[in-house]
Amino acid sequence: MNFIKRGIRYFAFPLLLIVIGASLSAGLIVSSAKKLNADGNWFETGNGIDQSKYVTLGGAKQFVRIRSRNHDNPILLELHGGPGSPQIPWSHRTLRPLTEYFTLIEWDQRGAGRSDSSELLTSTMTYDQMVNDTIELIEYLQAEYDTKKVILVGHSWGAMLGLGVAQKRPDLLHAYVGVGQALAWPGGFDETQRLLISAATKAGDTETANSLRALPKDWPPKEDIETFMKRVKTIQAPMERYGTSLHASKSNSLFKSNLLLDVALSPETGVLEGLKMLDVSENSKALMIDLYGRDLRNDLTNRYQVPMFIFQGEHDWQTPTSLVKPWFEKLDAPQKTYVQFDNSAHIIVNEEPGKFLFELVSRVRPLALGS
């Protein structure tokens, strides 16, 4: 027994010192990297802008970030996905190039990120309210920056939101850009399941195919959001294996990608704060319940009064390209353009960032400069 006590005394204390030292070193490295990333966000060009502020939209305080090398550039409002997955913790790298050509507006939507996340908001977490919030934000930008219209870019869930805005208030937009265009909830997940069963069967992956076939034919009632989310997780789990959420990386895993590193080294948010923002909140669950059963292919008309652009990863099964292409063919708009990203799945801004920037600058930006 005394031998054990002596061992603990002689080895535990040095081990504790090693752990403390390693933790301090890791913290110093992360802190230094955050400062380097902050230094890279250089907007002091004499005409640049780098601001963060709260704006009250629909009675709720909501966080907005504005950055640009030249605040005279056209305004681009980016709608993040989720619901409830703010992009500011990771977009300091991926979206920085846009700030040379656009005044980039990033917004933590109602109930997400740094915006008001009070549980009192749950009754207001509806698709219609989110559309109205977006319209109110654009009207605020009109007054604040003396502009008539903005470019609206939505990703995933944000693209569902963007369609509602484009249809309700086309007078506010130079153009709409849907990136990883989501259309149906939960119809899109049904298509993901179908595609994965087919791929797994072809690959001889009977375990995956059988687990997906074993899911009940009908979705649970919308009030049973926990069962709904478990089913979505089961459907999406094999996507990494087939490279249909993240495609242009060796591992095809979001948790092994530089996006996770971006969150850890964000100059905007702490590591724990950034990771917490990615968690599913009660407000996000309330919005999911409202979205349940929505299919914008039927809920909205096919006629739009603004130029419509779709940037879609060819390998995207998260918001399945197989649903987006036939929907796009039926669109009636003054101008419509489908841009195919051959080496991307759902996260094209990280998978083909050069092409993403080029397409925005060459196709979309001129519409804002010419009006």
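The values are calculated or read from the model by the stated rules, or taken from the named source; none is laboratory data. Source: prediction; values computed, not measured. Positions of Cβ are generated from backbone atoms using ideal geometry, with glycine treated the same way; all protein chains shown enter the neighbour counts. To get the accessible areas, we keep the full protein, side chains included, count just its heavy atoms, and leave off ligands, DNA and RNA. Shrake-Rupley method; radii C 1.70, N 1.55, O 1.52, S 1.80 Å.
Could you order T126, T321 so the one with the most accessible surface comes first? Probe is 1.4 Å.
In descending accessible area the options line up as T126, T321.
If ligands, DNA and RNA are left out, what is the accessible area of E207 with a 1.4 Å probe, given in Å² to the nearest 10?
We get 150 Å² for E207.
Taking a threshold of 21 Å on the Cα-Cα distance, which of the pairs K53/K285; K168/K336; K217/K325 fall above it?
Checking Cα-Cα distances, K53/K285; K217/K325 exceed 21 Å.
Loop only per DSSP, at most 12 neighbouring Cβ atoms within 10 Å: give me the trypsin sites (Lys or Arg not before Pro) in the stretch 93-155, ordered by residue number. Please report the intermediate quantities before stating the final value.
Details: sites: R93, R110, R114, K148, K149; in loops: R110, R114, K148, K149.
Within the stretch 93-155, the qualifying trypsin sites (Lys or Arg not before Pro) (loop, at most 12 other Cβ atoms within 10 Å) are K148.
Which aspartates and glutamates, on any chain, are close to K148 with Cα under 12 Å apart, when same-chain ones fewer than 8 places away are left out?
Reachable aspartates and glutamates: E139, D171.
Residue-wise, which Karplus ³J(HN,Hα) couplings in Hz belong to the stretch 174-191, taking 6.51 cos²θ - 1.76 cosθ + 1.60, θ = phi - 60°, and x for glycine or proline?
6, 6, 10, 10, x, 10, x, 5, 7, 10, 9, 9, x, x, x, 5, 4, 5
Taking the dipole about the Cα centre of the stretch 309-371, with the C-beta of Lys and Arg at +1 and of Asp and Glu at -1, give me whichever of V324, S344, V361 is farthest to the positive side.
Sorting the options by dipole projection puts first V361.
Between L331 and D50, what's the calculated FRET efficiency when r is the beta-carbon distance and R0 is 25 Å? Round to 0.05.
0.10
Could you give the nm distance between label points at Y292 and A237, where each point is 7 Å from its Cα heading toward the beta carbon?
2.2
Could you state the accessible area per residue of the stretch 71-157 in Å², with a 1.4 Å probe and every protein chain left in place?
33
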